[in-house]
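A quick write-up on the structure given underneath.
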Amino acid sequence: MTNVLLVDDERMIQELFSYYISTAKDRYRLVNTIIDAANTEMACMGSKVDLILMDVCTANYASGLDAAANIKKKFPHIKIIIVTSSPEHRFLEKARAAGAESFWYKEVDSVELLDVMDRTMTGESIYPDTTPKVQVGLAASVEFTPKELEVLFHMVQGKSIGEIAERMGVDYSTTRTHINHLKDKTGAKTNSELAVLAAKSKLVMPEY
Amino acid sequence: MKWFGRRSRLTKNSVKEALDNLPSGVCFFDRNGLLTLCNFTMHRLSFELTGRDLQNIFEIRDALQALPESSTVTRDGDKFILKDGTVWRFKEESIADEYGHPYTQFTASNVTDLYRAAQALEQKNKELAEMAVHMEHITDNVAAIMREEEILAMKMKIHNELGATVLNVRKYYMGGCEPSQKDDLIQNLRKTIGLLVGEIGREDETDGYKELLELAAAIGVTAELSGAMPEDKASYLLVVSAIRECMTNCVRHAEGSKLFVSLKEVENMHTVVIANNGRPPEGEIIEGGGLSALRAGIEKAGGEMRLQSRPVFSLTVKIPKLPPKGAELL
């Protein structure tokens, strides 16, 4: 029997996942549900946990990715599946770096989640190949290069071109060229409009 | 030769004429402070500064220190703005002529373009700073928007499933289904009703601190608080992080069962001291990932963190009270 800890602050998701787990009573048992990823370690100290379904954006702005990295250090035997609906491109690489076994984009489909859970528990690591496609102005998110995504990541934090150039270790003019390409692709007329479009699309979420 | 001779003579008038043609203002005073030479531009400037013709060094010095009431000039730092909109900067220097006689030279430079460019830059920087704050707010809201969208997607799914289940029930009663399909129908009904009952019956839980205390209590650890938790969200979350870190370490390393948390607010600073009833540390505490991350968060907020290992463990955290988010936009 696999003991599951669910970390998600959304009640509907809790209900739905709880229901999915209840449909596989022969192999899964939900031992606890918590809303704040920062409390995961405490929850694992109090219950025997084998598998964590971990949301990324949880209560009190706590990052499920940070919590996953911490759990992997303190409880390396616990398997973790990161679950999110965010298309943020960095989440996949951050989840890998944290040591999470699998990554699943939230869908309202029990078969798929249970399948990912089963395969993860048998030692597979399941990661999607790409992030969900979202629209940023006139452009689809898949049209952006990694460097352009990095520029957007800094722009939504309100950084100036000079600051972005410094953080990326590139010239001011290179950064400006990236921004001009982004504006051409998205149809944004100003840097501010571009940053707002990127933030609204949830393609970049610097706080997690 | 006649032409060369005429050009080689430097008269007082030619010096004055050359100075008058300068775009900058320039004037000289002798050791007694009396005006010895002044070009047109400086005459005009000094008249606007003092409200009269320049006679001695004290008039211009006084005017540059504090503009007289008769002046038509306004001042912005070390720059003087004339009523025609031009901006000037004055400079006083001690010089000597070829015989070693001391003079004081005043020059005035037209810095109008520079001043306007600096003003435009300042305005741009102000707009950028406002934009940065605005972006931070948008970013803050993204997680909330995403959560709303997740809820909406779930609700739509449940709504669709409920509709499908009702149709199937109708079909079943009308004899359109095989008896073997009854179990699936009942299971779908249970699932949909279960989700709806959950939606109606429970309040949203958002308090991560309450959850932490409940989880700790489940493993026999309690917290005794004296004082009130901070009201501003950012400080509150930092204090909760400090309590969480100490609680985890209390269980892991000190084998304690109680945390003592003292909260005070002194001169716009939240001061939190946390101790426990467990074993004292065997040596100096080395900050690992949790404590280092806590320190980073506290220092980022302008606060400070101090660890004590002997004679007993304690953690002291000071966090400046923060204005509510968005106050800087008002």
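FYI, it's all coordinate maths here, none of it is from the lab. Just so we're clear, the structure is a prediction, and the values are computed from it rather than from any experiment. As a convention, Cβ positions derive from the backbone with ideal geometry for all residues, glycine included, and neighbour counts pool all protein chains shown.
Computed from the C-beta positions of B:Ala218 and A:Leu138, the FRET efficiency with R₀ = 51 Å rounds to 0.45. Semi-axes of the equivalent ellipsoid of the protein assembly as shown are 70, 32, 20 Å, computed as sqrt(5λ) over the eigenvalues of the C-alpha gyration tensor in descending order. With K and R counted +1 and D and E -1, the other residues having a Cβ less than 10 Å from that of B:Thr72 yield a net charge of -1. Relative contact order of chain A, taken over Cα pairs closer than 8 Å and 6 or more residues apart, is 17 percent.
Can you tell me the relative contact order of the stretch A:18-84? Whole percent, Cα pairs under 8 Å, sequence separation 6 or more. Could the numbers behind the result be given before it?
Values: 77 pairs, mean separation 21.0, N = 67.
So the answer I get is 31 percent.
The peptide list B:156-162, B:37-43, put in order of mean Cβ contacts within 10 Å with the highest first, becomes B:37-43, B:156-162.
When only alpha carbons of chain A are considered, Rg and Dmax amount to 18.9, 60 Å.
Across the stretch B:12-118, C-alpha contacts under 8 Å between residues 6 or more apart give a mean separation that, scaled by the residue count, equals a relative contact order of 25 percent.
Geometric descriptor of the stretch B:243-304, per residue, is 91 Å³ (volume of the convex hull of the Cα atoms). Across peptide B:120-133, the average count of Cβ atoms from other chains found within 10 Å of a residue's Cβ is 2. Any chance you could give the angle, 0 to 90 degrees and rounded to 10, that helix A:146-155 forms with the longest Cα principal axis of chain A? The answer is roughly 80 degrees.
Could you calculate the FRET efficiency of A:Thr145 with A:Asp184 from 1/(1 + (r/R0)^6), where r is the beta carbon distance between them and R0 is 22 Å, rounded to 0.05? FRET efficiency, A:Thr145 to A:Asp184: 0.95.
Of all DSSP beta bridges confined to the protein assembly as shown, the antiparallel ones make up roughly 65%.
Computed from label points 7 Å out along Cα-Cβ, the spacing between A:Arg176 and B:Arg252 is 4.9 nm. Stretched out straight at 0.36 nm per residue, the stretch from B:His43 to B:Leu121 would grow longer than its current Cα-Cα span by 24.9 nm. Taking the stretch A:116-135 and a reference point 7 angstrom along Cα→Cβ of B:His159, no backbone N atom is nearer than 13 Å.
Taken as Cα centroids, the stretch A:48-73 and the stretch B:18-68 sit 74 Å apart, rounded to the nearest whole angstrom. Building the convex hull from the alpha-carbon atoms of the stretch B:12-118 and averaging its projection over directions returns 7.1 nm².
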